[in-house]
1. What is the distance, in nm, between label points placed 7 Å from the Cα along the Cα-to-Cβ direction at residue 74 and at residue 136?
2. Tell me, in nm to one decimal, what length is gained between residue 53 and residue 119 on full extension, where the rule is 0.36 nm per residue of separation less the Cα-Cα distance?
3. Per-residue HN-Hα couplings for the stretch 75-87, Karplus 6.51 cos²θ - 1.76 cosθ + 1.60 at θ = phi - 60°, whole Hz, x for Gly and Pro?
4. Pick out, from 44, 97, 165, the residue whose Cα sits farthest towards the positive end of the charge dipole of the stretch 2-167, with +1 on the Cβ of Lys and Arg and -1 on the Cβ of Asp and Glu.
5. Any chance you could list P(r) for the stretch 2-167, counting all Cα-Cα pairs in 5 angstrom bins from zero, rounded to whole %?
6. Please tell me which of these pairs span more than 30 angstrom C-alpha to C-alpha: 25/91; 101/152; 73/152; 27/91?
7. Helix 2-22: angle to the longest alpha-carbon principal axis of the chain, degrees 0 to 90, nearest 10?
Amino acid sequence: MKKIILSAIAVMAFGFANAQEQTAKGKWLIEANTAFGAGTGNTAFSLVSQDGETAWNIGAEAGYFVADNLAVKLGLGYGDDGSDSSIFSYKIGAKYYVINKIPVELSYTGVSIKDADDNPSFVGLQGGYAIFLGPNVSVEPGLRYNFTTDDKIAESFLQFNVGFALHF
C-alpha cells in the first residue's frame, strides 16, 4: 500500500513539475478550442445545424508567456452563419495559469459580419482545468461567459469549451 501511495505522489509531482516548465516565461502556446453553446463569431471550432441552416466556424489562438504562468494571446476565426454571411472574428486577451493547472482568461472578441451595419463585440471570462498529457500537449476543458458590449446588437452567452493546446 505504501508503494502505491508513493507512486501516486510521484506521478502527480511529475505532472506538476511538467506544467511549471510549460507555462514558464518565454514559452509559446498554440490553442484550438471547440465551442459548445456558441454560434459563429468566435475563434473556436463549431458546427451547428438548425432549421435547415448550417453554421460553422474555424479558428485558433496563439500566446506568448510574458511572465511565468501569464500568456498574452491573439486569436483569429472565420465562419458562416448559415445564411451565406461570412464572419471574421479576432480575439486579444490574457491567460493566467493558477498553480500551473487552472487557466483563467480575460479577453476581448470583435466580430465583423459581411454586409452588417452593426458588428457585435464581447468581453469574455473563462476558467477551466489544464490536463497535461505530455511535455507539450494539454487538454483544457472550461466554461466561458461572453458579455456583450452592446445588448442591442447581440446577447451575452455561456459556452462550454474543450481546448487542445501545444506548448513550446
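1. Each label point is offset 7 Å from its Cα along the Cβ direction, giving 2.2 nm.
2. That pair, residue 53 and residue 119, stretches by 21.7 nm at full extension.
3. x, 9, x, 9, x, 9, 7, x, 10, 6, 10, 6, 10
4. Selected residue: 97.
5. 2, 9, 16, 21, 17, 12, 9, 6, 4, 2, 1, 1, 0, 0
6. 101/152, as the Cα separations exceed 30 Å there.
7. Tilt relative to the chain: about 50 degrees.
Values in this text are rule-based calculations from the coordinates and carry no lab data. Predicted model, so just to flag it, every value in this text is computed and none were measured. Virtual Cβ from ideal backbone geometry, glycine too; neighbours counted across all protein chains shown.
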